Amino acid sequence: MAEEKKPIRPEESLAKMVAALKETTGRSLEEWVEVIKEKGWQKHGEIVSGIKSEFGVTHGYANQIALRSKDLLAGAEPKAESGDPVAEMFSKRPDAKAVYDVLAPKIQAFGSDVDVAPKKGYLSLRRAKQFAVLQPAAGRLDVGIQLKGIEPVGRLEASGSFNAMLTHRVRVTSADEVDPELLGWLRNAYEAAK
């Protein structure tokens, strides 16, 4: 039986891209900063389009150079990656953390291919594709779920402006609300994300 491949997280892909910057583009970040200074480019879009058009660098690399050069252009050290992104995300939301602590292991139990990818302000739950998000909010944990073809009813509300990538949201205010109904919706979304 073939070993099941775990999906590559966006953060891992980005780290590989940054590590290969000099090899792929011919310059290190510091060297790109010097080019940007020489050209007089200041705005993000100007840097991206200049690097692409004048040096033939792909959009992904040009975008990362522009993003990562911002601190160096301002004379500051690039921001170091902080410690545990999940702990930081929940540091000011203890109610959401209490719900997360009960919910997360139950979701992980769906299968070894559940991937939790921290994003800015939320956690993306992925299998072959994203099936849910967990987002701390004041006094609750918002659980966004991808459930195509399911009508919103009761606490399973339409996602609306919460997240356009998902169909539904459940606002979970206590660990007691991590019940079979919520877990059923999440499992259905997980199963459909093959």
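Percent relative contact order of the chain, based on C-alpha pairs within less than 8 angstrom and at least six residues apart?
Working: 254 pairs, mean separation 32.9, N = 194.
Relative contact order comes out at 17 percent.
Report, to the nearest whole %, how much of the accessible area of the chain belongs to carbon and sulfur atoms, 1.4 Å probe, protein only.
52
Under the rule of at least 5 residues apart or a separate chain, name every residue whose amide H is placed under 5 Å from the amide H of H168.
Under 5 Å from the amide H of H168: I145, L147, S159.
About the Cα centre of the chain, what is the dipole size in debye to 20, counting +1 per Lys and Arg Cβ and -1 per Asp and Glu Cβ, all else neutral?
Result for the chain is approximately 360 debye, rounded to the nearest 20.
Using the heavy atoms of the protein chains alone and a 1.4 angstrom probe, what is the accessible area of segment 67-194 per residue in square angstrom?
54
Would you mind estimating how fast segment 33-132 diffuses translationally, via Stokes-Einstein at 25 °C and 0.890 mPa s with the Kirkwood radius over Cα pairs, in µm²/s? All intermediate terms of the calculation are to be shown ahead of the outcome.
Working: Rh = 16.7 Å.
The diffusion coefficient I find is 147 µm²/s.
Report, to the nearest 10°, how far helix 180-192 tilts away from the longest principal axis of the Cα atoms in the chain, using its own Cα long axis and a range of 0 to 90°.
50
Output ³J(HN,Hα) for segment 93-107: one whole-Hz value per residue in order, computed from phi by the Karplus curve 6.51 cos²θ - 1.76 cosθ + 1.60 with θ = phi - 60°, and x for Gly and Pro.
10, x, 5, 5, 5, 4, 5, 4, 4, 7, 6, 4, x, 5, 6
Just A164, A132, A175 to compare: in a GNM of the chain, with alpha carbon springs under 10 Å, which one fluctuates most?
A164
Modelling each spin label as a point 7 Å along the Cα-to-Cβ direction, I'd like the K52/K37 distance in nm, to one decimal.
So the two model labels end up 2.6 nm from each other.
Which ³J(HN,Hα) values in Hz, rounded to whole numbers, follow from the phi angles of segment 40-48 under the Karplus curve 6.51 cos²θ - 1.76 cosθ + 1.60, where θ = phi - 60° and Gly and Pro get x?
These are the phi-based 3J(HN,Hα) values: x, 6, 10, 8, 3, x, 5, 5, 4 Hz.
Using only the Cα atoms of segment 104-161, what semi-axes does the equivalent ellipsoid have when each is the square root of 5 times a gyration tensor eigenvalue? Give whole Å, largest first.
Each semi-axis is the square root of five times an eigenvalue, giving 19, 16, 11 Å.
At a temperature of 25 °C and a viscosity of 0.890 mPa s, determine how fast segment 86-194 diffuses translationally according to Stokes-Einstein, using the Kirkwood radius over alpha-carbon pairs as Rh; express D in µm²/s, rounded to the nearest whole number.
180
What are the ³J(HN,Hα) couplings of segment 114-128, residue after residue, when phi is run through the Karplus curve with 6.51, -1.76, 1.60 and θ = phi - 60°? Round to Hz, x for glycine and proline.
6, 10, 9, 10, x, 10, 6, x, 7, 10, 8, 9, 10, 10, 6
Under 10 °C and 1.306 mPa s, how fast does the chain diffuse according to Stokes-Einstein, given a Kirkwood radius computed over C-alpha pairs? Answer in µm²/s, whole number. Before the final figure, lay out the partial values.
Details: Rh = 19.2 Å.
Roughly 83 µm²/s, to the nearest whole number.
The values are calculated or read from the model by the stated rules, or taken from the named source; none is laboratory data. The shown structure was predicted, so the numbers you read here are calculated from the model rather than taken from an experiment. Heads up, the Cβs are rebuilt from the backbone with ideal geometry, glycines too, and the neighbour counts pull from every protein chain shown. Please note that ligands, DNA and RNA were not included when accessible areas were found on the heavy atoms of the full protein model with its side chains. Shrake-Rupley method; radii C 1.70, N 1.55, O 1.52, S 1.80 Å.
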